[in-house]
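Let me begin by presenting the structure, written as structure tokens, before commenting on it.
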Amino acid sequence: MNDLNSNLKIAIDKIENNYNKHNNYFSNIYPFTTENILGYINLFDLKDKNLLTVCSSCDQVLNAIYCNCKDITVVDINLFTKYYFYLKMASVLCLNREEFLMFLRYIDYPKVFKKNKYVFNKEIYEKVKVTLRYLDFESFLFWDELFNTYDLIKIRENLFNYDEYRTSILEKCNLYLRDNDSYEILKIMIKKVVPTFITCDLKNFVGTKLYDNIWLSNVGQYLKNHELYDIVYKLSKILNIDGQILVCYLYDFTYDTKYYDEWAEIYDLISLKMIFKEIPLNVNSFTGLTGIIHNRNDKDSVLIYKKVR
């Protein structure tokens with residue numbers, strides 16, 4: 001409960017614009033994924049497997065659950081990831097797809113260049129909160145305190161990241177949002193998994209079991225390549241044979257993309273492969289976010305390490 005009180009105080013500081021000590025890249029919640037998860041998820045064998053993942057938006061978890069992943073560990077530096085997952089989970093269980101989107105979407109909803117005045121709507125929250133309390137009492141206390149004390153729009157704008165794609169894009173990035181049938185499948189599957197949440201920097205994470213799959217999202221963009229190598233090398237020791245690590249998600253990038261000095265170091269494949277020579281990486285490309293948005297052939301990629309005997 002001490003962690004809850006501390007995290008609630010930080011959330012209140014952010015909502016009240018007392019940013020300073022809490023304002024960094026990783027302090028805000030991503031409302032939904034900014035990756036084309038649907039583009040890469042089939043590269044991984046998830047059915048009846050276990051997964052270690054980072055994910056403040058929790059969409060990586062929801063899509064893995066949709067694919068019948070049996071055991072999920074979430075390690076994230078964001079203090080609010082667990083609270084948001086259980087809010088999303090309760091929303092899936094209690095709301096239809098339209099209500100779910102109305103409750104959690106904000107930017108470009110219901111139309112482009114509009115903002116959703118019904119975000120975190122109290123009438124919809126009333127449908128969710130009993131289930132939220134049952135699923136995770138701390139998450140219930142967190143959201144109930146905020147929703148009943150502060151302006152709902154202010155919560156959304158100050159506690160959440162502004163990177164949010166419109167609904168039509170999210171439907172093409174998430175298995176569970178493709179249509180009503182997919183959403184109903186998640187409603188069934190989500191009851192089968194209870195994720196484990198660990199709040200820490202990946203640099204400090206110490207695994208206590210072996211994993212079939214590990215997803216690092218785009219964390220590599222915020223690190224030097226040698227720092228990322230140290231993390232991946234350490235994680236490779238807790239990866240099962242034939243298991244895979246998603247080392248980094250790369251936006252607007254393929255194997256042949258020319259590197260520019262102002263880009264994040266992770267995009268310099270020549271340097272990266274020299275550092276990772278003992279952990280060989282494969283580049284897998286698929287339709288990218290800008291490709292989906294503009295209906296073009298733009299590609300994103302993921303760097304994957306597969307452990308072999």
A 1.4 Å probe over the protein heavy atoms gives the chain a carbon and sulfur accessible-area percentage of 48
One finds the C-alpha centres of the stretch 124-143 and the stretch 264-299 to be spaced, in Å, by 39
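Normalised by the number of residues in the chain, what is the relative contact order in percent for Cα pairs under 8 Å and 6+ residues apart? Intermediate values should be presented prior to the final figure.
Working: 522 pairs, mean separation 63.4, N = 309.
In percent, rounded to a whole number, it is 21.
Can you tell me what share of the DSSP beta bridges in the chain is antiparallel? A percent to the nearest 5 is fine. Don't skip to the end; give the middle numbers.
Numbers: 13 of 29 bridges.
Roughly 45 percent of the DSSP beta bridges within the chain come out antiparallel.
How much accessible area per residue does the chain have, in Å², with a 1.4 Å probe? Let's see the in-between values first.
Details: 14540 Å² over 309 residues.
Value for the chain: 47 Å² per residue.
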Phi angles of the stretch 213-221, converted by Karplus (6.51 cos²θ - 1.76 cosθ + 1.60, θ = phi - 60°) into ³J(HN,Hα) in whole Hz with x for Gly and Pro, give 9, 9, 10, 10, 6, 10, 4, x, 5
Per the helix-only model, the chain has a calculated mean residue ellipticity at 222 nm (DSSP H runs of ≥4, -39500 (n - 2.57) each, divided over all residues, rounded to the nearest 500) of -11500 deg cm²/dmol
In order over the stretch 297-309: 3J(HN,Hα) from phi, Karplus 6.51/-1.76/1.60, θ = phi - 60°, whole Hz, x for each Gly or Pro, gives 9, 4, 10, 10, 9, 10, 8, 10, 10, 10, 8, 10, 5
Most packed first (mean Cβ within 10 Å per residue), the peptides 36-49, 201-214 order as 36-49, 201-214
Expected sort for 121-129, 253-261, 102-110 on mean C-beta neighbours within 10 Å, highest first, is 102-110, 121-129, 253-261
Mean separation of Cα contacts under 8 Å (at least 6 apart) over the residue count of the stretch 1-92, i.e. the relative contact order in percent, is 28
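The values are calculated or read from the model by the stated rules, or taken from the named source; none is laboratory data. The shown structure was predicted, so the numbers you read here are calculated from the model rather than taken from an experiment. Every residue, glycine among them, receives a Cβ derived from its backbone with ideal geometry; neighbour counts consider all protein chains shown. These area figures cover heavy atoms from the full protein model, side chains too; ligands, DNA and RNA do not enter into them. Shrake-Rupley method; radii C 1.70, N 1.55, O 1.52, S 1.80 Å.
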